[in-house]
Amino acid sequence: MNKYFKIMLPLSLLLTLSCESNVRASPHIIKEISALPNKNTNQVKPITTIEQQKMINFAKKYIGTRYVWGGTTPKGFDCSGFIQYVYKHSHISIPRTTAAYTQLFNKSIPLKNAQIGDLIVFTGTNLKIRKPGHAGIITEVKPGLIKFIHSSSSKKHFGVTETSYYHSGYPKRFLAVIQMPKP
């Protein structure tokens, strides 16, 4: 037993000293570890906040409101007038026209990262003109499903309506998803 202590005591002291030097270095090591990419971050969607849901509920109150070119009130909306109206209610500032949305493109995110409340931007009806011409607010995101609310001038869906992105003609008109500040 005495022989055991003679061998183990120096080893335990060496181990203790080694651990102490690593502990002193740990903030650096921890910083490096926290900087490593987390493989799961792209798989987990952020939870919708109560404020985001309130904004979407507010927007949905206007489903059926007629489309009016240049309209910015519940008497009638065009697409950007409706978006500005909804965002303003949630204290989010946005340009008045879809043409001005290009100044927001620096906040673009991939469609797969879209969240409720984000702005989705499309071309106008002429697909060859790759400039903003229509937009909506994303209302629902699930695997294989994205819905958005917008004011449409289409004869088929005239006025404020909610559209399922993948079951419409909008994918070929898609330009960007703009990550908007949370309400």
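General remarks:
- Set 61/107; 107/156; 112/147; 60/147; 88/128; 61/156 screened for pairs whose C-alpha atoms are more than 22 Å apart: 61/107; 107/156; 88/128
- Electrostatic bookkeeping for residue 102 treats Lys and Arg as +1 and Asp and Glu as -1; over the other residues with beta carbon under 15 Å from its beta carbon, the sum is +4.
- Accessible solvent surface per residue of the range 54-142, calculated while the other protein chains remain in place, 1.4 angstrom probe, Å²: 51 Å²
- Shown for the range 57-183: the carbon plus sulfur share of the solvent-accessible area, taken with all protein chains present and a 1.4 angstrom probe, equals 55%.
- Cα-based shape type of the range 78-183, given that a ≥ b ≥ c are square roots of the gyration tensor eigenvalues and the cut on a/c is 1.5: rounded
- Highest-first arrangement of 169-175, 117-123, 82-88, where packing means the average Cβ count within 10 Å: 117-123, 82-88, 169-175
The values are calculated or read from the model by the stated rules, or taken from the named source; none is laboratory data. If you're wondering where the values come from, they're calculated on a predicted model, not measured in any experiment. Note: ideal-geometry Cβ built from the backbone for every residue, glycine included; neighbour counts use all protein chains shown. To get the accessible areas, we keep the full protein, side chains included, count just its heavy atoms, and leave off ligands, DNA and RNA. Shrake-Rupley method; radii C 1.70, N 1.55, O 1.52, S 1.80 Å.
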